[in-house]
Every structure is written in structure tokens, then in C-alpha cells.
Amino acid sequence: MQLKLQRDGFAGKLSDISRFLNEKDNAWLGNTANPRAGWEELPYWLKGQVSLAYVLNDKKLKAECQPWIEGILASQKEDGWFGPEANRKTRHGTPDLWPNMLAQSVLQTYYEATGDQRVINLMRKYADWLIALPEEQTVDPKHYWHYYRVGDQIASLLWLYNNTTDPKLLGLAEKMHRHSARWVDRIVNRHGVNFAQGFKEPALYSLFSKSAKDYAATERNLSEFLRDYGLPGGMYAADENARPGKDDPRQATESCSVAEMMLSHELLMQTTGKAVWGDRTEEVAFNWLPTTMTADLKALRYLTCANMAVSDAAGHSPGIENGGAMFLFDPHDHRCCQHNVGMAWPYFTEHLWFATNGNGLAAAVYAPSSVTAKVGGGTRVTIEEKTNYPFEDEIRFLVNPAAPVKFPLVMRVPGWSPNPLVTLNGKPVLLKAKDGYLTLNRIWKKGDRLTLRLPMTAKVNQAKHAGSLTVSRGPLVYSLKIQEETKPYAHLDKWPSYEVRPGSDWNFGLDPRVPLRFMNKPLVEGKQPWDFRNVPVQIEAQGRQIPEWGMDIYGLVAPLQKMPVLSNAPLRKLTLIPMGAARLRTTVFPTVAPTGAVWKKPRTAATPIPATYSHRNWWDTESALSDKLIPANSGDEEIPRFTWWDHKGTEEWVQYTFTETRTFQKCRVYWFDDEPRGGIRLPASWKLQVKVGEVWEDVQPDGAYPLVKNGWSDVSFRPIGGIQIRLVAKMREGFSAGVLEWEVN
């Protein structure tokens, strides 16, 4: 169902929405005179679209993808380089290898579906180009993305080696590994997507190096990152980068990180065979992926939180690191995620089944599916998998070989299910799990029915923050059911954006002494189960409201405080639904108790005065000018700010507009200055103007305009009436300027 929704949603129709997928003058189609759109966007989207086209066997989608594939194949030069020429030699004087890593993934999927030998030829020739690339130009660290994401190139070399056994690829893998970021030694980067892609590199390289130390580095990095920044459901707090001390469940995860984390787990399951990677794949896919998009898959948001009470168009920086409308469900924006998230469900589907030793098949990840393959000595078999997993615990396989044939059928046993039950044609079968798998090796006949049951128990878990709790059942984490009020925000056409606000209270703590009660209802055919209105399973818990737990100065759920929490509110029944079905959610609950800590109400911001400006950094907000949040110093990065970054040395302005005429006679400004780290300083000079009629007039100050760092710059002036007042700043040469607070009268 998710694949069909995607086909009809924004990702499947992205060529109608995104300017990067316009064929005119597109660099991926060979344009060199006026290269346009030659970086990551096209191959990001094409990864998902090609996979979707062939998984669904959709002729229309295949036809849409083919010109782009032909363009990539035709772009290869005699020396082996392929793709847009602008990426071959960048402003750094070295090649940007990142877009070609994505393009190779596209071609690999296409080859697996079609057997087009041109793919192998291109990749072998490109490998020769990489081998010949001078050492000092290989994985240049100045190219931020490819330096940290070489694991994607290693994965392609591994795929190519398995298809060619070309021994030259062994040395190339070592060369790429040697020049890339040293994930094998430590966590080298805390950018959310870089980590999701980079942490797998040592384990993938271990297939070439044969070193247990390399594989162990991947497990170590994942364990340490989740220890420091982990969120329930297998993701982490990295909005855009994981930051020390910013690990509360109100911190966010980028949609790209979700898609890339799934793919990393899938590749590690495929290459290592370790069952735990299947567990991790499902954990992220079922708890995070659905809620990155609207239930109809027609819009996405850039960031998603475990504790999230609003999904709107407002900026929430620096509470989350990113500025701008990062929570808005918008098919037109969130550029990288907009093009990249479309690979998540199709790639998940590609990795449901694997071939095994002994010419058998392995059900590695569970979902409704059908697989046809040759097993045993070459006999064709089709296995149909019917299930409502993860909402139910039973997976049913109908095995139909062309003729009776002996082969092993392998089933993954999740780590949370220690006592799986198996029946064959209605009779129990005793199997012992080995390394996380059950194997039934027998002569299979047409119509054989195999059932795997994975008993699930609803349970309360201690979460990362002392005294906080999560609720889970099987692979699903559960969140409080919050009524979602969804309203169109912009682009009121075929592809609108949406804000989602709560229609019920969200600030509850759990009483862990009260038993949980699991409830289910039939999954309705044709209804999206990852929707709070349709979800077929829920858990009833009990808890108390915490009135002091509210939204903070950033418009975010306030951080957790000391627990257990004292609450005198009455005990109430709480309905919990799967985390993936909740666009708004409380997932990490405080513990409430009769005797506990009294929480402090969060600091809140004042309603801002309407402001306009000559320029504003998209990361910042004009609301910061009048939110009544007094900074600790000029370098205070814990409160919202307004800056004119990245304009430098220019004259800029910001102005207030009031609803009626008033008399202006004094003001004070608290300047932002991030010396020595950043590029924003006190301005060279500043002044005030008031609009009189149609003319902006300079005010007449009582003295010089002061410039104070770490304090207020106060000025009084001859009274003047008006509706609009403007702050004009002349910035220092080579620097920008910014304001933390601006008070008038």
C-alpha cells in the first residue's frame, strides 16, 4: 500500500513539482554549455523512482525514468568519468565524487531489474578512472559530503565485485577507505545524515579487509551515538547536527537521516547476514518513516521529533539547530529530503527477501510481499507472504514451487521475540533459532503453508533520561494519541503544504504501576494504517496531566526535568498508538508519582511586533526582535536571533509597523556578536528613522549612537510621531550584523 501511495504522492510525482527534475538544460542529460541541476537532487530522486518503478512493475514510471538512465549512461567519457562535467573539476580543483555515488546506486537497481550490460561496463570503466585518480585528489576532504560518505562508494564497489570478481576492485576499495574520513577510529562527524551514511563504512570495508576490527568499529560507532543522542524507535537527536547537551526527545531527526539509516541497516544485513540489522531496519521503518510524511504521502517535513506538539511553518531555532519552516509538511521544499526520502519504502521492499547458502531463500524483513526465484537445482518457486505485521504477530507463507524441490527457507527471529512459534500445514514444527534465524530445510510442495508467530507483549521501558518511560510492543514504539488538526498553509493547489496543530492535550506523564491493556481491531483494506484515525492497534495506559509541562520559548515541547513528577491532576486513561501513525506525539513520558519533583513552567516568549527587513538569514527569525527574551550576553545562542547574514559590509535595515500612530522618543538595542567563532560583529554605525508621510526621516538623537557589546545600546531622541520605525545598520567591512532584542519606547 505504501508503494502505491508513494506513486500517487509527492515523491512519485516529483518531476511535476521540482525544478531540479526539469529536463531543459539539465546537466544530467549531457548539457555542458549551461550546466544546471547537476548535483545530488536528480540521482537522489531517481534512486527511489527507479526502484519504485520496477518493484511495482509500472510501465509509466519505467518510461519516465529511462531518459535519465540513458543520459547517465551516455555521459561517460573515454577516460571513464561520467556525469555532469562540472563535478569533474570543482572550484577546489578536485572532483566531487558524491553525486556519482548516488548515480551508481541508480544504475545498480536498474541492472538488477533489466540485466543491461551497459551498467557493468560503465561502472568498471569508472572504477578504472578512480584507480587512476592521483592520490592527492582522491576523496578530497574539502568536499564535505563525499569525504564522510565514502561508505556509499564502498557499497558500489562491493556490488561490482560480486558481479565481476575483478581483483582491481580490492585495491580500489582500500584506496577509497584510506583517503576517507576515519570512521574506523571514531565518530568523525555528528551531522545527522553524514552519520547515517558514514557509520557503516568500516563494516562494508571489512568485506574487503577481512578485519573483525573494521566491523566492530561500525557497531561501536552506532552504540556510542545512540548512547549519547538516541531517541526511541532507533533514531537520534541531530537537527541538523547532534550537539552536546541537546539530547532531549524534543530534539529532531532529519527525514534524510531516516531514509539513509534504513538503507545502511539494509546493506549491513545484506552484506553481513547478521539478524540484528533486520531488527534495526524494521525499528526505523515502522516508527519513524511514516511520520516524516502526511498519511497520504503528498507532503513531507524536514524534521520530526519523538516529543512533538506542533508541526507548523514557524522557525524553531535555536531550540532545534535548523532555522526556517523545518516542521512544515511541504512537497515544494526541504530540498535534500524532498528528493531523497522516496527511496525509503522501495528499498525496504527490495530487501525483504534474500538468497541464502544452499540455494534457498530468507525472509529477512517482514511485510506483505511475493517473491519468485530459482531454488535448489534451479526449480522456480513463488512464495506469497501474507501478514498485517507489525500490527499483528503472525506471518503466513504460501509456498508454490513449479515441482517438488528441496531448499532451505530461512526466517529472521527478532531480538524482542525469544519464543517464536512455527506451524507447517497446520502442525507445529520444533525449530531452534541459530544466530537469529530459523531454518526449515525440506522438500517443498505446491500449496505448503508455513506460519511464523512472533509473540508480542506490551511493556513499559525505562528511557534514556532518568525517570522517563516509553511503551513498546514488538517492533513498535507507542505514542500518546493526540487529535491532529491539519490545515493547508500555502500552495493551495494540487500540492499544498500543511500545518498540524494539536486538538487535544499532550502533556501527560505515565503511572507505571497501572498495567497496560492492548487492544486491536481489523485492519481495514485500502485504509492507510499509519494514520492516527485508522491505526488498527492501540494500548490503554493511565497517567496524569502535568500542567507545568508546556511549550517553551522556541515553540517546542519543553525539555524533561527531574522525575518522577509531582502531579495532583486526576488519574486518566490514555490511548497510545504506534509512533509511526502519530504526526504529533508524546513518546517519551515523564513518570508521575504522588511524591515527586515540582516542575518549573518553561520560559515563554512575548507576542512579537510585526517586522519587515531588507534581508534576513533564513535560519533566523524577525520574531526574535521583540520576543522579550533578554540575552545573557551578545554571543547568546540559546535564544532566537535576527541577523542580516550573509550580507557583509552593506547597509541594512529592519522595521516595526504598528497598528496606529504613536510617539517615538527612545529605544534600546541588544546587538548579536559571535566573535571570535562566527562572522557577525557589532555594526560600524547605526541610526533610527521614522516614516513621516512617504519619507523616512532620521531621528535627532540626544547624543551619539552608542555601540555596546554584552549590554544595551540606549538612545533617546526628539519625540516624533509615526506608525513605522526603522533601525538602519552600516556593517563593518567583511562582517555581517544582527540583533537579539530591539525595544522601542
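Here are the numbers:
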| read-out | value |
| --- | --- |
| Theoretical ellipticity at 222 nm over the chain - DSSP helices of four or more residues, -39500 (n - 2.57) apiece, nearest 500 | -7500 deg cm²/dmol |
| Cα-centred dipole magnitude for the chain, charges only on beta-carbon of K, R (+1) and D, E (-1), debye, nearest 20 | 2360 |
| Over the chain, relative contact order from alpha-carbon pairs under 8 Å, at least 6 apart, % | 9 |
| Heavy-atom SASA rank of ARG91, ARG220 (probe 1.4 Å, accessible area, largest first) | ARG91, ARG220 |
| Relative intensity, log₁₀ I(q)/I(0), of the stretch 322-436 from a Debye sum that treats every alpha carbon as a point, q = 0.10, 0.19 Å⁻¹ | -0.44, -1.08 |
| Accessible carbon and sulfur surface of the stretch 697-745 relative to its total accessible area, %, 1.4 Å | 46 |
| Burial order of peptide ranges 233-240, 461-468 (average beta-carbon count within 10 Å, highest first) | 233-240, 461-468 |
| Cut-off 12 Å between beta-carbons: net charge of the residues surrounding TRP81, Lys and Arg +1, Asp and Glu -1 | -1 |
| Coil-residue GluC sites (Glu not before Pro) of the stretch 517-611, DSSP, other Cβ within 10 Å capped at 12 | GLU525 |
| Translational diffusion of the stretch 623-690, µm² s⁻¹ [Kirkwood Rh, Cα pairs; Stokes-Einstein; 37 °C; 0.692 mPa s] | 235 |
| Average accessible surface area per residue within the stretch 270-415, 1.4 Å rolling probe, Å² | 28 |
| Rounded percent of accessible protein surface that carbon and sulfur make up, the stretch 299-389, 1.4 Å probe | 45 |
| Coil-residue trypsin sites (Lys or Arg not before Pro) of the stretch 484-535, DSSP, other Cβ within 10 Å capped at 15 | LYS494, ARG513, LYS527, ARG533 |
| Calculated P(r) tail over 19 Å for the stretch 471-571, as whole % of Cα pairs | 60 |
| Environment charge at GLU392 (Cβ cut-off 12 Å; Lys +1, Arg +1, Asp -1, Glu -1) | +3 |
| 14 Å beta-carbon shell around ALA581, net charge (K/R +1, D/E -1) | +4 |
| Per residue solvent-accessible surface (Å²) - the stretch 80-129, probe of 1.4 Å | 34 |
| Entries of LYS487/LYS527; LYS4/LYS446; LYS142/LYS298; LYS4/LYS274; LYS77/LYS210 with Cα pairs more than 25 Å apart | LYS4/LYS446; LYS142/LYS298; LYS4/LYS274; LYS77/LYS210 |
| Computed Rg/Rh of the stretch 72-115, alpha carbon atoms with Kirkwood Rh | 1.04 |
| Packing rank of 108-117, 241-250, 333-342, 283-292, where each peptide gets the mean count of other beta carbons within 10 Å, highest leading | 283-292, 333-342, 241-250, 108-117 |
| Farthest toward positive dipole pole in the chain [+1 Lys/Arg, -1 Asp/Glu at C-beta], among VAL739, ILE482, ILE630 | ILE482 |
| Net dipole in debye of the stretch 283-348 [+1 Lys, Arg Cβ; -1 Asp, Glu Cβ; about Cα centre; nearest 20] | 100 |
| Relative contact order, percent, the stretch 78-167 [alpha-carbon distance under 8 Å, six or more residues apart] | 33 |
| Phi-based couplings in Hz for the stretch 430-437 (Karplus 6.51, -1.76, 1.60; Gly and Pro marked x) | 8, 10, 10, 5, 10, 6, x, 9 |
| For the chain, with +1 on Lys and Arg beta carbons and -1 on Asp and Glu, the positive-most of GLY678, PRO536, ALA463 along the dipole | PRO536 |
| Given charges at Cβ of Lys, Arg, Asp, Glu: the chain dipole, positive-most of TYR111, TYR656, PHE518 | PHE518 |
| Given charges at beta-carbon only (K, R positive; D, E negative), |dipole| of the stretch 88-141 in Debye | 200 |
| Over the stretch 1-141, relative contact order from alpha-carbon pairs under 8 Å, at least 6 apart, % | 22 |
| The stretch 601-745, Cα convex hull volume normalised per residue, Å³ | 112 |
| Loop-located GluC sites (Glu not before Pro) in the stretch 656-745, at most 13 other Cβ atoms within 10 Å (DSSP) | GLU694, GLU733 |
| Calculated FRET efficiency for the pair ARG603/SER369, C-beta based, R₀ 60 Å, to 0.05 | 0.75 |
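The values are calculated or read from the model by the stated rules, or taken from the named source; none is laboratory data. Just so it is clear, the model here is predicted, and its values are computed rather than measured. Every residue, glycine as well, gets a Cβ built from its backbone with ideal geometry; the counts of neighbours run over all protein chains shown. These area figures cover heavy atoms from the full protein model, side chains too; ligands, DNA and RNA do not enter into them. Shrake-Rupley method; radii C 1.70, N 1.55, O 1.52, S 1.80 Å.
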